[in-house]
Amino acid sequence: MNNIPQFLAHLPIWNDGPMKEPTFKKAVFQNLYAPKSNRGPKKKTKIEKICPQCGKAFYVVPSQAHRVTCSVSCKNMYRKKQVNV
């Protein structure tokens with residue numbers, strides 16, 4: 001007795017023969033234990049800024065170049081000072 005619905009009978013998965021064994025591709029992983037010189041170039045670009053609130057020098061990466069202060073506490077004090085002016 002065939003219990004396969006008629007609208008699915010034409011699909012190759014519903015044949016009477018046994019299914020094939022799946023084939024897997026070998027995954028390529030990065031060797032984490034390789035010397036650091038073989039892992040590729042590392043960007044060491046950092047921008048030095050001076051905090052206007054406390055005067056301390058701090059470093060930011062280029063994606064954070066819009067930062068003005070060195071910490072959250074300095075940012076909060078700086079914003080309060082800007083609003084009151």
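Residues that are in a loop (DSSP other than H, G, I, E, B) and not charged (D, E, K, R) within the range 59-80 comprise V61, A65, H66, V68, T69, C70, S71, listed in sequence order. Taking the listed residues G17, G40, the one that is at pLDDT below 80 and at positive phi is G40, with no other qualifying.
Scanning the range 51-60 for residues that are exposed (fewer than 12 other Cβ atoms within 10 Å of the Cβ) and within 16 Å of N76 (Cα to Cα) yields a single hit, G55.
The values are calculated or read from the model by the stated rules, or taken from the named source; none is laboratory data. Because the structure is predicted, anything quoted here is derived from the model rather than measured. Cβ sites come from the backbone with ideal geometry, for glycine too, and all protein chains shown count toward neighbours.
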